[in-house]
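Enquirer: Got a structure here, written out as structure tokens. Questions coming.
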Amino acid sequence: MKFIDTHIHGGYGINFNTCTPEEFHIFAKNIFKRNIVAFCPTLVGDNVAALKRQLEIIKKTMCKQEKNEAKILGAHLEGTFLNPQKSGIQNAGTFLTPTIENFKKIAEGNINIIKIVTLAPELDKDCALTDFLEEHNIRAHAGHSVSDKLYNVTGTTHHFNAMEPLTHKKSNLALKALLNDNVYCEIIGDSLHVNDDMLKLFFEVKNKDKIILVSDALPIAHSELDSVVFCGKNIYKGGKDKEGTLAGSCRFLDEIADNLFQKNILNKKEIEKMAYHNVLKHLKLDDKIISNL
């Protein structure tokens, strides 16, 4: 079974926000051994200069990949355009208003290697940035948001996490995306970010053609380090900071898939659809780009 992870921050002690091209190659070779054949390095919020630097490094690495490496499909910008009310582990001091102008400051010269941008759609005036992204074949995901509407997004980021919870009293982003067959939903199936009963409900209700399994794996995943710096904070084994805030997952996508399979939440055919085929459809990619891996 092959996997594509569109939401992953690193692993083996390697942080995509700060790593070198050499470290990207090391990571890609190691993750490929786990049948994760492609991924989107996911960058959290940082200053504009640092994000531009990492996009350049990602582009440089993409041009020099070898056959025994997981293919870098392009970057996922998770930080910067988020709602401070749902910042989670991220530093709200790095956030910018989601505008075309601010996006161009970061993406200048590298728009073609960005595949996904997570943003708080309620802050995107008239959906200007969302529509601009889609026009440039970049998927706009709602995430780290307090929105009660979908606006024009085509996906959600780590569904349920960093958004208003489900309630019988009113509708919200999580519920609307769950019921909308035009919207893809990322889900972290590690049984920690979302408990098993809610995972079962999600997989029962959401159109299975529109679900994307992701890891949200942290730099500390499969690392022998006691802690790593992520979003300017020390993150410890278990994926939390000293206050207990969950920063992400310590499992890679193959392990998350195995968790869902072993608990009889999903079968192998469903896993392959959600962790591979649905990703290609969502990103509008041809299977041929990784069929030789």
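The values are calculated or read from the model by the stated rules, or taken from the named source; none is laboratory data. In this text, all values refer to a predicted model and were calculated from it rather than measured experimentally. Virtual Cβ from ideal backbone geometry, glycine too; neighbours counted across all protein chains shown. Note: accessible area is taken over every heavy atom of the protein model, side chains too, but ligands, DNA and RNA are not part of it. Shrake-Rupley method; radii C 1.70, N 1.55, O 1.52, S 1.80 Å.
Enquirer: Is it the case that H136 is within 20 Å of the chain's Cα centre (by Cα), more than 19 Å from P84 (Cβ to Cβ), at pLDDT 95 or above and open to solvent by less than 10 Å² (accessible area, probe 1.4 Å)?
Expert: When the stated conditions are applied, H136 does not pass them.
Enquirer: Tell me which residues, restricted to the stretch 66-106, are in contact (Cβ under 8 Å) with a residue 40 or more places away in the chain, more than 24 Å from D241 (Cα to Cα), in a helix (DSSP H, G or I) and open to solvent by 50 Å² or more (accessible area, probe 1.4 Å).
Expert: K105
Enquirer: May I ask you to list the residues in the stretch 240-271 that are farther than 17 Å from N195 by Cβ, open to solvent by 70 Å² or more (accessible area, probe 1.4 Å), modelled with pLDDT of 95 or more and out of contact with any helix residue (DSSP H, G or I) (no Cβ under 8 Å at 6 or more places or on another chain)?
Expert: Of everything in the stretch 240-271, those that are farther than 17 Å from N195 by Cβ, open to solvent by 70 Å² or more (accessible area, probe 1.4 Å), modelled with pLDDT of 95 or more and out of contact with any helix residue (DSSP H, G or I) (no Cβ under 8 Å at 6 or more places or on another chain) turn out to be D258, K269.
Enquirer: For the stretch 107-129, which residues satisfy the criterion of being more than 11 Å from F81 (Cα to Cα), assigned to a helix (DSSP H, G or I) and open to solvent by less than 40 Å² (accessible area, probe 1.4 Å)?
Expert: Of everything in the stretch 107-129, those that are more than 11 Å from F81 (Cα to Cα), assigned to a helix (DSSP H, G or I) and open to solvent by less than 40 Å² (accessible area, probe 1.4 Å) turn out to be A107, I113, C127.
Enquirer: Only residues in the stretch 47-64 that are under 14 Å from N112 (Cα atoms) count as the first member; pair them with residues that are open to solvent by 90 Å² or more (accessible area, probe 1.4 Å) and modelled with pLDDT under 95, Cβ under 7 angstrom, at least 6 apart or cross-chain, and list the lot.
Expert: K52/E108
Enquirer: Right, here's the next one. Check F27, F39, F16 and return the single one that is out of contact with any helix residue (DSSP H, G or I) (no Cβ under 8 Å at 6 or more places or on another chain) and either under 20 Å from I289 (Cα atoms) or open to solvent by less than 20 Å² (accessible area, probe 1.4 Å) (or both).
Expert: Going through F27, F39, F16 in turn, just one is out of contact with any helix residue (DSSP H, G or I) (no Cβ under 8 Å at 6 or more places or on another chain) and either under 20 Å from I289 (Cα atoms) or open to solvent by less than 20 Å² (accessible area, probe 1.4 Å) (or both): F27.
Enquirer: Okay, next question. When the residues of the stretch 154-170 are filtered to those that are crowded, with 18+ Cβ neighbours inside 10 Å and of a type in the set (A, V, I, L, M), which remaining residue is farthest from the chain's Cα centre (by Cα)?
Expert: M163
Enquirer: Tell me, please, whether a residue that is modelled with pLDDT of 95 or more, closer than 29 Å to N264 by Cβ and not hydroxyl-bearing (S, T, Y) can be found in the stretch 230-239.
Expert: Looking for residues that are modelled with pLDDT of 95 or more, closer than 29 Å to N264 by Cβ and not hydroxyl-bearing (S, T, Y), one finds none in the stretch 230-239, hence no.
Enquirer: Same structure again: Being surrounded by fewer than 16 Cβ atoms within 10 Å (Cβ to Cβ), farther than 20 Å from F261 by Cβ and either in contact with a Pro (Cβ under 8 Å, 6 or more places away or on another chain) or not charged (D, E, K, R) (or both) is the filter here, so list the residues in the stretch 181-204 that pass it.
Expert: Selection gives N182 alone.
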